[in-house]
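Everything on this sheet refers to the single structure shown next.
The values are calculated or read from the model by the stated rules, or taken from the named source; none is laboratory data. As the structure is a computational prediction, the values presented were derived from the model and not from experiment. Every residue, glycine as well, gets a Cβ built from its backbone with ideal geometry; the counts of neighbours run over all protein chains shown. Side chains included, ligands, DNA and RNA excluded: accessible areas come from the protein's heavy atoms. Shrake-Rupley method; radii C 1.70, N 1.55, O 1.52, S 1.80 Å.
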Amino acid sequence: MSAFSKPRRISIVPRMFARFRSDAEGVVAIEFALVGLPFLMLVAAIFECCLVCLGQLTLDTAMDRATRAVFTGTFQEASDGTDPSERMQKDMCAGYVLFNCADLKVEVTTAASFADSGARDPYDAEGKGLAKDFGSRFDCPGGNDIVTVRAAATISRFFPFLDLTRRPVGRDRQLIMSTAVFKAEPYADGRCQ
């Protein structure tokens, strides 16, 4: 090369890119911005799932407690003239529960065989809530009857944007339900009211 040759032009873009790659300031902030939001959403989803599961567990425990009395006939023996559906709701809400007792609906049906037993769906998909007619039926069980008891209640949801289920009730509530099907013991037929 001669002394009078043209100097080579070095592009600015590769130099700036090299400087950008070697600069470490603000890396933590950028990494947190990329990872923080998904992490917090995961923690919120876990918290929401735990609350729904715990609410379902308390409803199942309350159902077990109330249906045990129907199973053995003590529910019928303790009849005091009040509405049997209200008595069963009161029995279910006697212990510690995470569901809303004001929204609790209980339906009791009897059948001649297990094949004939069944319960209605308590969820109204169009109205996004409890079905209006659910909880209006209470067949007083007798000895050796096949009894189906279904209870439905709502629990609060703190993160409604994380819709993890298919049964929301309104914007901030969730439907949970519990069902028990059993053959009552051979006790003497009693009355529920």
Would you check if residue 176 is open to solvent by less than 60 Å² (accessible area, probe 1.4 Å) and within 18 Å of residue 58 (Cα to Cα)? yes
Qualifying positions in the range 52-109 - touching an Asp or Glu at 6+ places or on another chain (Cβ under 7 Å) and among the aromatic types (Phe, Trp, Tyr): 71
Pair list, Cβ < 8 Å and 6+ apart or interchain, from the range 90-104 residues that are touching a residue at least 60 places away in the same chain (Cβ under 8 Å) to residues that are acidic (Asp, Glu) and open to solvent by less than 50 Å² (accessible area, probe 1.4 Å): none
Conditions (1) within 21 Å of the chain's Cα centre (by Cα); (2) loosely packed, with under 15 Cβ neighbours inside 10 Å; number of the one not met by residue 143: (1)
I'd like to verify a number: residues in the range 89-125 that are in contact with a Leu (Cβ under 9 Å, 6 or more places away or on another chain), closer than 17 Å to residue 67 by Cα and either open to solvent by less than 30 Å² (accessible area, probe 1.4 Å) or of a type in the set (Val, Ile, Thr) (or both), how many? 3
Given the condition in contact with a helix residue (DSSP H, G or I) (Cβ under 6 Å, 6 or more places away or on another chain) and without any contact (Cβ under 8 Å) to a residue 60 or more places away in the chain, answer yes or no: does some residue in the range 119-136 qualify? no
Of the numbered conditions (1) in a helix (DSSP H, G or I); (2) buried (at least 18 other Cβ atoms within 10 Å of the Cβ); (3) modelled with pLDDT of 90 or more, residue 76 satisfies every one except a single condition; which is it? (3)
Which numbered condition in (1) open to solvent by 70 Å² or more (accessible area, probe 1.4 Å); (2) in a loop (DSSP other than H, G, I, E, B); (3) without any contact (Cβ under 8 Å) to a residue 60 or more places away in the chain is the only one that residue 19 fails? (2)
